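Notes for the one structure printed next.
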Amino acid sequence: MSETRKAWMGTLAQAKPAALAKAVGALGALPDFTWMRRPEAGGVMVPGRMGGTGAAFNLGEITVTRCALKLASGEVGHAYVQGRDKAHAGRAALCDALMQTGRADEVKRLVLAPLDAARAEARRARAARAAATKVEFFTLVRGEDA
């Protein structure tokens, strides 16, 4: 698991809300914080590219929830999550802030590692389902040896 902020914020944002809630519950006592920006839902435009390499175009909008909080010790946590789940965004921002404190190793072990493992398992399961539908084509050569 990468320890960069981008990586852990991605893990928190892509986690299933129930899994994140369970993982945060394993942290025990959580620090006091104040909201800098309470969780709020809004829309963002998602860009796309034809074939992944063509000119960019606006694919459509998705709903995201964002928030920011500040721990009593001064660390600031931010979160953007897809959908309208305000509690998910708040938990993600709290974990982001905690990753900037002395509790970072605890957050990695109890929150990020299980979420990364669950995401990897979901990817493997999706790949296995896709592989089961793979069709192998072959050609018989007629006539003389090729």
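Going from most exposed to least, what order do Asp96, Asp116, Asp105 have by accessible area with a 1.4 Å probe?
Result, largest first: Asp105, Asp116, Asp96.
Which shape class, rounded, prolate or oblate, goes with segment 61-121 when its Cα gyration tensor gives a ≥ b ≥ c as root eigenvalues, a/c under 1.5 marks rounded, and past that a/b bigger than b/c marks prolate? Let's see the in-between values first.
Details: a/c = 3.04, a/b = 1.11, b/c = 2.73.
It comes out oblate by the Cα gyration axes.
Suppose every Lys and Arg Cβ carries +1 and every Asp and Glu Cβ carries -1, with no other charges. What dipole size does segment 2-85 come out with about its Cα centre, to the nearest 20 debye? Walk me through the numbers before you get to the answer.
Values: 10 positive and 6 negative charges, 18 e Å.
Magnitude of the dipole: close to 80 debye.
So what is the calculated 222 nm ellipticity per residue for the chain, using -39500 (n - 2.57) for each DSSP H run with n of 4 or more, over all residues, to the nearest 500 deg cm²/dmol?
-11500 deg cm²/dmol
Find, among the GluC sites (Glu not before Pro) in segment 1-88, those assigned to loop by DSSP (not H, G, I, E, B) with at most 11 other beta-carbon atoms within 10 angstrom.
Working: sites: Glu3, Glu40, Glu61, Glu75; in loops: Glu3, Glu75.
Here the GluC sites (Glu not before Pro) that fit, given the DSSP loop and packing criteria, are Glu3.
Exactly which trypsin sites (Lys or Arg not before Pro) in segment 56-99 are in a DSSP loop and have at most 16 other Cβ atoms within 10 Å?
Arg84
Looking at Thr4, Leu69, Ala21, which one has the Cα that reaches farthest to the positive end of the dipole of segment 1-98 (charges on Cβ: Lys, Arg +1; Asp, Glu -1)?
Farthest towards the positive pole: Ala21.
Using only the heavy atoms of the protein chains and a 1.4 Å probe, how would Arg5, Arg119, Arg129 rank by accessible area, largest first?
I get Arg129, Arg5, Arg119, largest accessible area first.
Within segment 46-146, which chymotrypsin sites (Phe, Trp or Tyr not before Pro) sit in a loop by DSSP and count at most 14 neighbouring Cβ atoms inside 10 Å? All intermediate terms of the calculation are to be shown ahead of the outcome.
Working: sites: Phe57, Tyr80, Phe137, Phe138; in loops: Phe137, Phe138.
The qualifying sites are Phe137, Phe138.
For a test of the definition: using alpha carbon positions, the gyration tensor, and the 1.5 limit on a/c, classify the chain as rounded, prolate or oblate.
Cα axes put the chain in the prolate bin.
Determine the dipole magnitude for the chain: charges of +1 sit on the beta-carbon of Lys and Arg, -1 on that of Asp and Glu, nothing else is charged, the reference point is the Cα centre, and the result goes in debye to the nearest 20.
Here the size comes out at about 340 debye.
Any idea what the relative contact order of the chain is, in percent, if you count C-alpha pairs under 8 Å spaced at least 6 apart?
Numbers: 210 pairs, mean separation 35.4, N = 146.
Relative CO of the chain lands at 24 percent.
Can you list the lysines whose alpha carbon is less than 18 Å from that of Lys70, not counting same-chain residues fewer than 8 positions off?
Lys86
Along the charge dipole of the chain, pointing to its positive end and built from +1/-1 on Cβ of Lys, Arg, Asp and Glu, which listed residue (Pro39, Gly60, Phe137) has its Cα farthest out?
Going by the charge dipole, the pick is Pro39.
Below 8 Å, C-alpha to C-alpha, sequence gap of six or more: please give me the relative contact order for segment 25-74 in percent. Don't skip to the answer; put the middle values down first.
On the way: 72 pairs, mean separation 23.6, N = 50.
Computed over segment 25-74, the figure is 47 percent.
Given labels modelled 7 Å from the Cα in the Cβ direction, how far is it in nm from Met36 to Glu136?
5.6
Students sometimes get this wrong: rank Met99, Met50, Met45 by accessible area, probe 1.4 Å, all chains present, largest first.
Heavy-atom accessible area, descending, gives Met50, Met45, Met99.
Kyte-Doolittle mean at least -1.0 and Cα extent at least 24 Å along the axis: which DSSP H helices of the chain qualify?
Both cut-offs are met by 113-131.
Answer with one residue from Leu98, Ala127, Ala117: the one whose Cα lies farthest towards the positive end of the charge dipole of the chain, charges on Cβ with Lys, Arg +1 and Asp, Glu -1.
Value: Leu98.
Once each part is reduced to its C-alpha centroid, what is the distance from segment 17-51 to segment 111-146 in angstrom?
32
The values are calculated or read from the model by the stated rules, or taken from the named source; none is laboratory data. All values reported here derive from a predicted model rather than from experimental measurement. Here the Cβ is made from the backbone with ideal geometry for all residues, glycine too, and neighbour counts use every protein chain on show. The accessibility values were calculated without ligands, DNA or RNA, using every heavy atom of the protein model including side chains. Shrake-Rupley method; radii C 1.70, N 1.55, O 1.52, S 1.80 Å.
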